[in-house]
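Have a look at the structure below before the remarks.
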Amino acid sequence: VSSALAAGPSAATEAAAARLIAAALADTTGFRRLAYLTDTFGHRLSGSASLEATIDWALGEMRKDGLQKVRGEPVMVPHWVRGAESAALVAPRRAPLHMIGLGGTVGTPPGGITAPVLVVSSFDELQAKAAQARGKIVLFDAPFTTYDETVRYRVGGASAAAKVGAVAALIRSVTPFSMQTPHTGGMRYDSTVAVKVPGAALTVEDAELLHRMQDRGESIVVHLEMADTTLPDAPSRNTVAEIVGSERPDEVVVVSGHLDSWDVGTGAMDDAGGSVAAWQAVKLIQQLGLKPKRTIRVVLWTNEENGTRGGKAYRDAHRAELAKHVAALESDNGVFRPDGFRFQGTPEALEIVAGLGRMLDSIDAGKIVPGEGEADVDAMLEQGVPGLALDVEQTRYFWYHHTPADIVTVLNRDDFNRCVAALAVMAYGLAELPAPLPHAGPAPTGRRR
Ligand SMILES: [Zn+2]
């Protein structure tokens, strides 16, 4: 690290940062735009008309904002469609169950599946009870520990169940808190398992109900009906706009969120909030008349939720420019109160970013810690581009994640504005550095989600 970099941001950059923070905290337009987007277009699953209508609208608004090089960059995305779905307890008593199909699941045969249930708490317990699983519906009642650990049942539960002869898989929703709200999310079929069985989530309450019945020695029978299907890939777009750099236009700072969502609620938290915050950050830099030396490019990714095809298409389309990408920022943990950024990159780059973080100390949003970047930018990060993930207060995120409750009500303007401030100051600071951040060597980063 040269002494110029170690010295931290210049006085001019610090003055600009103070202006950006003040403007972001006083802003009313960004949060209003977030509410408008989610209230007007609803949820935005890949392949849906509502996602493409949202993208058309965002491109028009970005042009009205006066951003430069506004365009949709083409991406082919998976097109999974939820059909009519239901689950019901048939024995030991009749009652509807609160369920939701997992993204990517196959449907049941017409008329559904009626089968006895085997409840297990883990993959290990399923292995130990493999002989009892044939012909049954396996329910994984795995309590939430961390998202990364517990999400394994959502992603791989159906294939694990099929492998031991089960006819369907249910999981306990991946959440630490529930009010009978089932949580969807992506699943994957293991290519080494020939049979695909349907996968769905029950609420925490219903999973525990079935588990208690099994513990009492009661025979449980469930009827499951799902008409979910996968259609051919559909055209979509990454939504892109820029402030072209005044001195080094070919060097790029990406600020981003993902515009697609699951098909329940309105995806306000995941991730319309991050998308509009990234967009608003760039809009404020532009409105204040700041002229960043490097290009600041806002990207609203398509298809984070069930394919991350947007991030991969960007990497492929911009491969020749990645060496000149200074960093890729993303907000995808909900726009709750921010405390800083997780940084993925070299120790030297981390030190420089920590220096920029000090410009956010006045709003307690400048803590820089080593960690993983976000899913959409992962394809770039694998090529050595430094990644920054906005770190926010995490108590409530997984309460609402991928549920009908993910609507703008769970967010608030003050926290959102702080996220905008953090993204704006960090993006601007990176665009003004005397030299770009050093890159890491290309390496697979092996992400979740
Ligand atoms: Zn997300």
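The values are calculated or read from the model by the stated rules, or taken from the named source; none is laboratory data. Since the structure is predicted, the reported quantities are computational estimates derived from the model, not experimental observations. Every residue, glycine among them, receives a Cβ derived from its backbone with ideal geometry; neighbour counts consider all protein chains shown. With ligands, DNA and RNA removed, areas are computed over all heavy atoms of the protein, side chains included. Shrake-Rupley method; radii C 1.70, N 1.55, O 1.52, S 1.80 Å.
Compute the Cα gyration tensor for the chain, then decide on rounded, prolate or oblate, letting a ≥ b ≥ c be the square roots of its eigenvalues: rounded whenever a/c is under 1.5, prolate when a/b is larger than b/c in the other cases, and oblate in all that remain. It is prolate, given that a/c is not under 1.5 and a/b is the larger ratio. When the residues Asp141, Asp56, Asp364 are ordered by accessible surface, computed with a 1.4 Å probe over the protein chains alone, the sequence from largest down reads Asp364, Asp56, Asp141.
In the chain, helices alone account for a calculated mean residue ellipticity at 222 nm of -10000 deg cm²/dmol, with every DSSP H run of four or more residues adding -39,500 (n - 2.57).
In percent, how large is the relative contact order of region 169-217, given Cα pairs closer than 8 Å and 6 or more residues apart? Write down the numbers at each step before the final one.
On the way: 49 pairs, mean separation 24.2, N = 49.
Here the relative contact order equals 49 percent.
Put simply, when 171-180, 293-302, 83-92 are sorted by average Cβ atoms within 10 angstrom per residue, most first, you get 293-302, 171-180, 83-92. Quick one: helix 413-432 against the long Cα principal axis of the chain, what's the angle to the nearest 10°, folded into 0 to 90? Taking the Cα atoms of the chain, the angle to 413-432 is about 50 degrees. Among the listed pairs Lys129/Lys196; Lys69/Lys293; Lys283/Lys367; Lys69/Lys367; Lys64/Lys324, those whose Cα-Cα separation exceeds 26 Å are Lys69/Lys367; Lys64/Lys324. Carbon-plus-sulfur accessible fraction, region 172-294 (probe radius 1.4 Å, protein heavy atoms only): 53%.
What accessible area, in Å² to the nearest ten, does a 1.4 Å probe give for Asp378? The accessible area comes out at roughly 20 Å². Distance from the Cα centroid of region 35-102 to that of region 306-379 is 25 Å (rounded to whole angstrom).
Protein chains only, probe 1.4 Å: how do Trp399, Trp262 rank by accessible area, largest first?
Details: Trp399 70, Trp262 5 Å².
Result, largest first: Trp399, Trp262.
For a quick check of your reading of the filter: which trypsin sites (Lys or Arg not before Pro) in region 7-113 sit in a DSSP loop and have no more than 13 other Cβ atoms within 10 Å? Spell out each step's value before the answer.
Details: sites: Arg19, Arg32, Arg33, Arg44, Arg63, Lys64, Lys69, Arg71, Arg82, Arg93, Arg94; in loops: Arg44, Arg82, Arg93, Arg94.
The qualifying sites are Arg93, Arg94.
Seen from Arg19, the other residues with C-beta closer than 15 Å to its C-beta sum to a net charge of -1, counting Lys and Arg as +1 and Asp and Glu as -1. Need one word for region 337-385: rounded, prolate or oblate. Basis is the Cα gyration tensor (sqrt eigenvalues a ≥ b ≥ c); a/c below 1.5 gives rounded, then a/b vs b/c decides. Oblate shape, in that a/c is at least 1.5 and b/c is the bigger or equal ratio. Considering only Leu322, Leu139, Leu45, the mean-square fluctuation computed in a Gaussian network model of the chain, springs between alpha carbons under 10 angstrom, is largest for Leu322.
Mind checking region 323-366 for trypsin sites (Lys or Arg not before Pro) that DSSP puts in a loop (not H, G, I, E or B) and that have at most 11 other Cβ atoms within 10 Å? Please list the in-between numbers first.
Details: sites: Lys324, Arg342, Arg358; in loops: none.
Here no trypsin sites (Lys or Arg not before Pro) fit, given the DSSP loop and packing criteria.
Taking a ≥ b ≥ c as the square roots of the eigenvalues of the alpha-carbon gyration tensor, region 221-276 is classed prolate because a/c is 1.5 or more and a/b outweighs b/c.
Could you state the angle between the C-alpha long axis of helix 11-26 and the longest principal axis of the C-alpha atoms of the chain, as a value from 0 to 90 degrees rounded to the nearest 10? Result, in degrees: 50. Taking each residue as 0.36 nm, the span from Arg396 to Ser362 lengthens on full extension beyond its C-alpha to C-alpha distance by 9.8 nm.
Need one number: % antiparallel among DSSP beta bridges in the chain, to the nearest 5. Kindly include the intermediate steps, with their values, before the conclusion.
Numbers: 38 of 71 bridges.
Here the antiparallel bridges make up roughly 55 percent for the chain.
Taking the 0 to 90 degree range and rounding to the nearest ten, how far is the long axis of helix 29-41 tilted relative to the main principal axis of the chain, both from C-alpha atoms? Helix 29-41 sits roughly 30 degrees off the main axis of the chain. Surface analysis of region 1-104 yields an accessible area of 45 Å² per residue, using protein heavy atoms and a 1.4 Å probe.
What are the GluC sites (Glu not before Pro) within region 362-449 that DSSP puts in a loop, where the Cβ has at most 15 other Cβ atoms within 10 Å? Write down the numbers at each step before the final one.
Numbers: sites: Glu372, Glu374, Glu382, Glu393, Glu432; in loops: Glu372, Glu374, Glu382, Glu393.
Counting only loop positions with at most 15 other Cβ atoms within 10 Å, the GluC sites (Glu not before Pro) in region 362-449 are Glu393.
Solvent-accessible area per residue in region 293-449 equals 32 Å², computed with a 1.4 angstrom probe and all protein chains kept. Largest GNM mean-square fluctuation across Ser121, Ser50, Ser191, computed for the chain with C-alpha springs under 10 Å, falls on Ser191. A crude spin-label estimate for the pair Asp215 and Lys64, with each label 7 Å from Cα along the Cβ direction, gives 5.6 nm.
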